[in-house]
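Structure first, then comments.
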């Protein structure tokens, strides 16, 4: 089992599934030449993709184009099925930082063939995660500075207010199809500025009010 820690609590939280929202920032969709979707585009990472602060992303040998995507992560605190957007925030228990590591060359090949993206998105070490802060410590999760740098170069520098779909609408859309359980995570999409990393790089990320996350690349 893979676990995360919620600030102020002693008991580790077992992570179930990691539901990810693609193309949720206009500028990011545009930089990859993708249309802004009219409906949420979802995919799932396994919990085995998780690594923690100071650990290392290991690029699989079947890819030569691994990209970083910093994201606000949402921790679900109670079972949610077919919830309304108006009620959705009552199911959120915390927030953290995630990096959705993506094998861009593998993803492009899979998209061209009409296949799912899991080989590009769900590989071991593809989901670095910070510790989480309780939801009540974040006044507005849709107004947080979000930033990633590789070595000394700032790559992504934006605000979560640029999300196309906010957290309540995302939770409502997800739970129309399947149930979210305590310990499940939602990755809310990445802003513009994604780019390639290679072995030896060091990624430093921060989200206002939540903290930082630093990982190496092998």
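Worth pointing out:
- Only one entry of 207, 186 meets the criterion of being crowded, with 19+ Cβ neighbours inside 10 Å, in contact (Cβ under 8 Å) with a residue 12 or more places away in the chain and more than 17 Å from residue 15 (Cβ to Cβ), and that entry is 207.
- Residues that are buried (at least 19 other Cβ atoms within 10 Å of the Cβ), over 20 Å from the mean Cα position of the chain (by Cα) and over 18 Å from residue 175 (Cβ atoms) within region 82-139 are absent altogether.
- For residue 79, the requirement of being surrounded by 15 or more Cβ atoms within 10 Å (Cβ to Cβ), touching a residue at least 24 places away in the same chain (Cβ under 8 Å) and more than 23 Å from residue 146 (Cα to Cα) is not met.
- Here residue 198 passes the criteria (1) buried (at least 17 other Cβ atoms within 10 Å of the Cβ); (2) in contact (Cβ under 8 Å) with a residue 40 or more places away in the chain except the one numbered (1).
- Of all residues assigned to region 159-172, none qualifies as being free of Cβ contacts under 8 Å to residues at least 60 places away in the same chain, crowded, with 19+ Cβ neighbours inside 10 Å and farther than 16 Å from residue 193 by Cα.
Any read-out appearing in this document is the output of simple, stated calculations on the displayed coordinates, not a laboratory observation. It should be emphasised that the depicted structure is a prediction, and the values quoted were computed from it without experimental measurement. Here Cβ is always computed from backbone atoms with ideal geometry, including for glycine, and neighbour counts include all displayed protein chains.
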